[in-house]
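Asks: My questions will all concern the structure given below.
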Amino acid sequence: MIRSLVISAAAVALAGCTTATTNYYQASAKPDAAQSISSDAPDSMRWLYGSGEASAVSIQSWRMLADYAVARARERRIPQAVPMGIAGSVSQPACTVGETIKPLAVVFDVDETVILNAGYEYWLAMGNEYSSATWQEWENDGAPLARPVPGAVTGIRRLREAGITPVFNTNRQFSPEGAARAIAVAGLGDATHLETLYLRGDDGGNGDKDGRRAMISEKFCVIALAGDNLGDFADIFNDDDLGVQDRRQMASRGEYAQLWGNGWFALPNPVYGDSIKGSIGEVFTEDQRWNAQTAPAITNEGN
């Protein structure tokens, strides 16, 4: 899902975006080994795993997604696939093979999109450092602690009732059995590897998802995508040459801006991922910088 990034220790976390050879979640400082159960959790973790606001945003997103997909399934016409990243660009695959219409599907990322990895995040919050070995252990054995993202159980049930197949496209890589167990334990139903569950490397690629989206589109008419990272929609957003503001503008203007809520559905994740990068200067461009000592006085002319 993502490429290299550096985040603060408060936001060190990992879900299904890791590789065996690359740590995408390098900390700028080592976690505090003195953390206790009464210590403040990192702000980003408090928001995503503990706040009612995060729950509300997730439920809202899932309701919008299900409403959209069910409406598309009910249309009395040949269905149209949503544009998606394939072969390094965004295209709209065909939904028919000859005169046969492919089954409808919605493609989901897994970690922090349909399930929450709060158990592993707790372990990190207590002062431990991410490693490929501990993440592999979590993939293999963490399923009993899997919890659904708020709204996911109802949303996926609505899709299945409408005849739409949920397909999971994750950058987990160590255990398809563990991923399927986690999805099932979270109450999201069955997932079968290489049918409705795809992992990193299933397309022979390096972790980007365009290749797997192509595989899925050969079998299904994909009418919507959902994820917590732009790479869950198209690999072009993962271009290492894109600056922080360039990537933001790319997502918020033109043809891509038209897709949010209209086939592309983003779930909130302030804990890890490609969105968590950028220096102060990169995040706050020159035209947004304010200084109390040098700024002109702001008056309220209404008083």
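The values are calculated or read from the model by the stated rules, or taken from the named source; none is laboratory data. Fair warning: this is a prediction, and the values are worked out from it, not measured in the lab. Cβ sites come from the backbone with ideal geometry, for glycine too, and all protein chains shown count toward neighbours. Keep in mind that these areas ignore ligands, DNA and RNA; they rest on the heavy atoms of the full protein, side chains included. Shrake-Rupley method; radii C 1.70, N 1.55, O 1.52, S 1.80 Å.
Asks: Given the criterion under 30 Å from Arg212 (Cβ atoms), part of a helix (DSSP H, G or I) and not acidic (Asp, Glu), identify the matching residue among Ala69, Ala56, Ala81, Ala94.
Replies: Ala69
Asks: Within the range 150-179, restricting attention to residues that are among the aliphatic types (A, V, I, L, M) and within 12 Å of Val114 (Cβ to Cβ), which residue is farthest from the chain's Cα centre (by Cα)?
Replies: Looking only at the range 150-179, we keep the residues that are among the aliphatic types (A, V, I, L, M), and these are 152-153, 156, 159, 162, 164, 167, 179.
Filter again for within 12 Å of Val114 (Cβ to Cβ), leaving 152-153, 156, 159, 167, 179.
On the way: Ala152: 13, Val153: 17, Ile156: 16, Leu159: 19, Val167: 14, Ala179: 15 Å.
Among residues in the range 150-179 that are among the aliphatic types (A, V, I, L, M) and within 12 Å of Val114 (Cβ to Cβ), the one farthest from the chain's Cα centre (by Cα) is Leu159.
Asks: Next question, about the same structure. Identify the single condition in (1) crowded, with 17+ Cβ neighbours inside 10 Å; (2) among the small types (Gly, Ala, Ser); (3) in a helix (DSSP H, G or I) that Ala105 does not satisfy, given that it satisfies every other one.
Replies: Against the list (1) crowded, with 17+ Cβ neighbours inside 10 Å; (2) among the small types (Gly, Ala, Ser); (3) in a helix (DSSP H, G or I), Ala105 comes up short only on (3).
Asks: Let me ask something else about it. Conditions: (1) assigned to a helix (DSSP H, G or I); (2) open to solvent by 70 Å² or more (accessible area, probe 1.4 Å); (3) of a type in the set (S, T, N, Q). Thr134 meets all but one. Number of the miss?
Replies: That leaves (2) as the condition not met.
Asks: Give just the number: which of (1) farther than 25 Å from Ala143 by Cα; (2) in a loop (DSSP other than H, G, I, E, B) does Tyr256 not satisfy?
Replies: Result: Tyr256 fails condition (2) only.
Asks: Sticking with this structure for a sec: Within the range 145-182, which residues are under 23 Å from Trp47 (Cα atoms) and open to solvent by 30 Å² or more (accessible area, probe 1.4 Å)?
Replies: Of everything in the range 145-182, those that are under 23 Å from Trp47 (Cα atoms) and open to solvent by 30 Å² or more (accessible area, probe 1.4 Å) turn out to be Leu145, Arg147, Pro148, Pro150, Val153, Thr154.
Asks: Does Ser44 fit the bill of being modelled with pLDDT of 95 or more, surrounded by 12 or more Cβ atoms within 10 Å (Cβ to Cβ), within 20 Å of Ile276 (Cβ to Cβ) and small (Gly, Ala, Ser)?
Replies: In short, no.
Asks: When you check Thr100 against the structure, is it within 23 Å of Phe233 (Cβ to Cβ) and among the polar types (S, T, N, Q), yes or no?
Replies: On the way: within 23 Å of Phe233 (Cβ to Cβ): no; among the polar types (S, T, N, Q): yes.
No.
Asks: Please state which one of Arg158, Arg181 is touching a residue at least 60 places away in the same chain (Cβ under 8 Å), farther than 26 Å from Phe237 by Cα and either in a strand (DSSP E or B) or not aliphatic (A, V, I, L, M) (or both).
Replies: So the residue among Arg158, Arg181 that is touching a residue at least 60 places away in the same chain (Cβ under 8 Å), farther than 26 Å from Phe237 by Cα and either in a strand (DSSP E or B) or not aliphatic (A, V, I, L, M) (or both) is Arg158.
Asks: Right, next: Any residue at all in the range 219-234 that is over 18 Å from the mean Cα position of the chain (by Cα), modelled with pLDDT of 95 or more and either open to solvent by less than 30 Å² (accessible area, probe 1.4 Å) or of a type in the set (Val, Ile, Thr) (or both)?
Replies: Pass one, the range 219-234, residues over 18 Å from the mean Cα position of the chain (by Cα): 219-221.
Imposing the further condition that a residue be modelled with pLDDT of 95 or more reduces the set to 219-221.
So of that shortlist, the ones also either open to solvent by less than 30 Å² (accessible area, probe 1.4 Å) or of a type in the set (Val, Ile, Thr) (or both) come out as 220-221.
Within the range 219-234, one or more residues are over 18 Å from the mean Cα position of the chain (by Cα), modelled with pLDDT of 95 or more and either open to solvent by less than 30 Å² (accessible area, probe 1.4 Å) or of a type in the set (Val, Ile, Thr) (or both).
Asks: Could you count how many residues in the range 184-209 are within 27 Å of Ser91 (Cβ to Cβ) and part of a loop (DSSP other than H, G, I, E, B)?
Replies: 16
Asks: While we're here: How about the range 169-178: which of its residues are touching an Asp or Glu at 6+ places or on another chain (Cβ under 8 Å) and not in a loop (DSSP other than H, G, I, E, B)?
Replies: Listed by number, the residues that qualify are Asn169, Gly178.
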